[in-house]
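Here is the structure we will look at.
The values are calculated or read from the model by the stated rules, or taken from the named source; none is laboratory data. What you see is a predicted model, and the numbers here were worked out from it, not measured in a lab. All Cβ positions, even for glycine, are placed from backbone atoms using ideal geometry, and neighbour counts span all protein chains on display. Heads up: the accessible areas ignore ligands, DNA and RNA and are worked out on the full protein's heavy atoms, side chains in. Shrake-Rupley method; radii C 1.70, N 1.55, O 1.52, S 1.80 Å.
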Amino acid sequence: MNAHNWTQTLRVDSGFRLADVDPNAKPGYSDGKSDGTRDLATGLEKLNELQERLFAQSRAEVAKDAVLLVLQAMDSAGKGGIVRHVVGSVDPQGVELAAFKAPTEEERAHDFLWRIEKRLPAAGFIGVFDRSHYEDVLIGRVRELAPPAEIERRYEAINEFEARVVASGTRIVKVMLHISPDEQKSRLMERLERPDKHWKYNPGDVDERLLWPEYMQAYQTMFDRTSTAAAPWHVIPANAKWYARLAVQELLLAALEDINPQWPLANFDVEAEKKRLKHS
């Protein structure tokens with residue numbers, strides 16, 4: 001299946017129900033883990049070249065294109081693995097990573113999108129949001145951190161913001177990694193059983209876990225309100241880490257192939273420079 005087919009298979013369209021998605025499923029992919037690992041390695045070669053072309057093009061000419069990967073998920077769903085094994089495989093000079101935590105006092109003094117806009121990727125870059133402005137309609141809704149009317153306002157504010165970002169030349173790839181409660185329990189338990197994973201464990205994860213149904217409803221509402229033609233959501237079953245990584249890679253490939261960045265032409269006489277270099 002080519003990269004553009006993945007975007008259609010995983011895309012959130014009208015009538016989508018998160019409750020119908022099996023976190024163990026591997027939509028659009030009929031091969032097993034070994035084949036998936038092979039295809040991931042093959043795809044990384046393509047991703048590397050396209051990312052370098054995107055970066056080179058923006059350095060040599062007026063180019064507006066960029067890619068923004070937005071990662072949302074329940075805790076331990078594999079966002080860090082995506083950053084390391086997919087995005088981390090390309091030249092780091094062309095990547096901008098932002099991991100949004102609880103807003104600071106200064107950030108709370110501004111609209112919720114203020115800190116997000118400051119971290120948008122520059123032309124030629126792949127930007128990654130490890131959590132994002134969507135926290136403000138997820139945990140913000142579940143934990144009642146803002147009045148209902150404000151949560152409602154944020155959905156439309158997000159749509160307007162993303163439409164403007166897309167119009168400026170940035171492809172937005174929005175991904176929700178969907179794991180099951182049992183898989184999350186297993187991954188959190190592994191963090192407790194391994195001393196080298198204790199640093200990744202947060203006792204607050206169990207508190208959020210107890211609100212799983214509320215979070216799933218918040219995600220459903222988020223999809224209903226913010227999966228737009230300009231910036232659609234994609235839901236990736238993520239119980240199998242290898243599948244989730246492959247799927248995200250394919251979505252990034254599709255975005256970069258749509259941009260189709262080209263190696264910039266030399267702005268000097270190549271043959272003349274060869275002669276000068278030869279005799280230097």
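Criterion applied to V12, V21 was being over 18 Å from the mean Cα position of the chain (by Cα) and within 18 Å of K174 (Cβ to Cβ), and the one residue passing it is V21.
Which one is least open to solvent (accessible area, probe 1.4 Å), of the residues in segment 19-39 that are in a loop (DSSP other than H, G, I, E, B), more than 11 Å from A240 (Cα to Cα) and without any contact (Cβ under 8 Å) to a residue 24 or more places away in the chain? Talk me through it step by step, then tell me what you get.
First pass over segment 19-39, keeping only residues in a loop (DSSP other than H, G, I, E, B): 21-32.
Still in the list and also more than 11 Å from A240 (Cα to Cα): 21-22, 27-31.
Next cut, without any contact (Cβ under 8 Å) to a residue 24 or more places away in the chain only: 30-31.
Values: S30: 115, D31: 68 Å².
Per the stated criteria, the residue is D31.
For segment 40-58, enumerate the residues that are open to solvent by less than 40 Å² (accessible area, probe 1.4 Å) and over 19 Å from the mean Cα position of the chain (by Cα). Within segment 40-58, R53, A56, Q57, S58 meet the criteria. Considering E96, E49, E45, the condition of being out of contact with any Lys or Arg (no Cβ under 6 Å at 6 or more places or on another chain), closer than 23 Å to P232 by Cα and either without any contact (Cβ under 8 Å) to a residue 12 or more places away in the chain or not in a helix (DSSP H, G or I) (or both) is satisfied by E96 alone.
Scan segment 63-78 residue by residue and report those that are open to solvent by 10 Å² or more (accessible area, probe 1.4 Å) and within 19 Å of G140 (Cα to Cα).
Result: M74, D75.
Tell me, which helices (runs of 4 or more DSSP H) wholly within segment 163-280 include 2 or more residues that are touching a Lys or Arg at 6+ places or on another chain (Cβ under 8 Å)?
On the way: elements: 181-193, 204-209, 212-226, 241-259, 270-278.
Hits in segment 163-280: 181-193, 212-226, 241-259.
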